[in-house]
Amino acid sequence: WLFEAADHLEAGEPAAVAAVIGRKQLARLNFAAGQRAFDGADWDTARRYFAAAYDRLKPEVTTASTGGLSMSAAVATGLRLAQSLTLIGNHEDAKTLFETLEGWQLSEDEAAELVARRVQSELLSGHYQQAMARGLAALRRQGIEIPARISKLDIGIEVFRRWRDIHEVSREDWLARPMADDVGTINLSRLIAAIKSVAYLADKPLFVLLSGIHVRVAAGPALDELGALALAELAISVAFGLRKPEAAAAGFTLQVTPADAKVLVDGKEVTGGNATGLSEGSHTIEVSKDGFLPHKQELALSSGQTLPVPIKLHSANVALTIKVEPATASVTLLSGDTPTEIGKGAPSHSYALVRQPDVAYTLKGSATGYEDTSLPITFTGDPTQELTLTLTPSNGGGGGGEQVAVNDKPAKKKSGGGGGGGSKKAKTAELKIGVAPGNPPADVYVDGRKMGRSPQFVKVTAGSHTVKWKWDDGKSDTQKVSVGDKEVKLLKGSK
């Protein structure tokens, strides 16, 4: 019911919902739904709800000048959203979000947690050196200085001191210690654990030194929940003479459509949807089946991590239904740079497309009195797909000449000219028009003229333009945008 409640409220009119329960309450509900999905390892669903909560809270903290409950809630939501983006492999958006959060007015505890989360994110994305540098800089700010060159003496002193502190502590004494409740200590423990994960792969002496420091932080008079792990890793380091400890096995839970597709992980076939016993680091997943386009991707695993990976193969054979406005238009399909004539003189065309891997497909339409129009095809993966190609009337008629913006007036004729139509202002800018995540495709209008179904790539003149999205349920969104000469802008409509 939690997910249904959040979805129904988000689907309502924003002003009406806010008037009934308030924006912060709706953000809390979405955060709770995101946390429920996150705890169930449904990272993509968690990302959607955390994003909705973040959008509700963000307006209050964009100036980085407010504090208190709203600020803390927005930071916590932003960190969870960044973590979810990392876990689904969207590392660029996670990086952008981390950079946004770093620009806010954060408390010391929030700043420490942000660094720990970002180090973990960079580790999962394979940026080991970057993660290491960021983590060590954060430790220096906490007063923990790591030598540039770690000697055996440095390691021996740290390990001896920690061993002296703990070797006579009984099991009963450990169990009697209270759990740490200091947020700074907890975040410092997580930061050290994140850096240790990087050092484990790249710098054995640093890993051992950090193991001793981690025990000092996480297994003191009060125990952090990572204290047991810190003690175990220190014991392993001592027992095996600084040898790198055995990594905990990691794996993928693969959710593949169609279910009978062939799956290879690092070149070895996987059955049953579970790839287990993998080492941490980067792995290659390949999925194939006759009649479908092959799929290949690289994903990084941390030690002991089991990562769910949903994969839907795209049908190679796609029955396209192409609706055209006007019906007199000639329609061409570009397969990369290779044109294929589809037809002309009809309001709808059918075409059986056999897709090829790594080839982009674009529909082009032309008609007398209309501007030539291109529509890049975004495939759904299904065996049938309907597309709408809408041409825009040209102001001067005649077609085939230089494209002009639909809202331009004809320029005055130059004196001394010898006939011909007036010159038109050239379309040197471009609007890339789509919809925000979670929104269905919509009809797109630019300056009052229908362009077709989103996504649309529309050439316009430099200046101001009005873009409108209209959905099948009657809801709409309107945005005004200014573009300069040769500028490209991306716009996303949202209900």
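We did not get these values from a lab; they are worked out from the coordinates using the rules stated. Worth saying up front: this structure is predicted, and the values here are computed from it rather than measured. Using ideal geometry, Cβ is built from the backbone for each residue, glycine included, and neighbour counts are taken over all protein chains shown.
Peptides 197-209, 287-299 ranked from most to least packed give 197-209, 287-299, packing being the mean of other C-beta atoms within 10 angstrom over each peptide's residues. Each Cα pair under 8 Å and six or more residues apart adds its separation to the average, and for the range 197-351 the resulting relative contact order is 17 percent. At a Cα cut-off below 15 Å, give the aspartates and glutamates reachable from residue 468, other chains included and same-chain residues fewer than 8 away excluded. Answer for residue 468, where 15 Å is the Cα cut-off: 443, 447, 477, listed by chain and number.
Could you line up 179, 451, 132 from fewest to most neighbouring Cβ atoms inside 10 Å?
Going from least to most buried by this count: 179, 132, 451.
Distant-in-sequence amide contacts of residue 372, defined by a placed amide H-H separation under 5 Å and a gap of 5 or more residues or a different chain, comprise 400.
The ranking of 211, 476, 366 from fewest to most other beta carbons within 10 Å of each one's beta carbon is 476, 366, 211.
For 213, 157, what's the fewest-to-most ordering of other Cβ within 10 Å of each Cβ? Mind dumping the intermediate values first?
Details: 213 20, 157 13.
By the 10 Å Cβ count, ascending: 157, 213.
With viscosity 1.002 mPa s and temperature 20 °C, the Kirkwood radius over alpha carbon pairs of the range 250-312 converts through Stokes-Einstein to a diffusion coefficient of 184 µm²/s.
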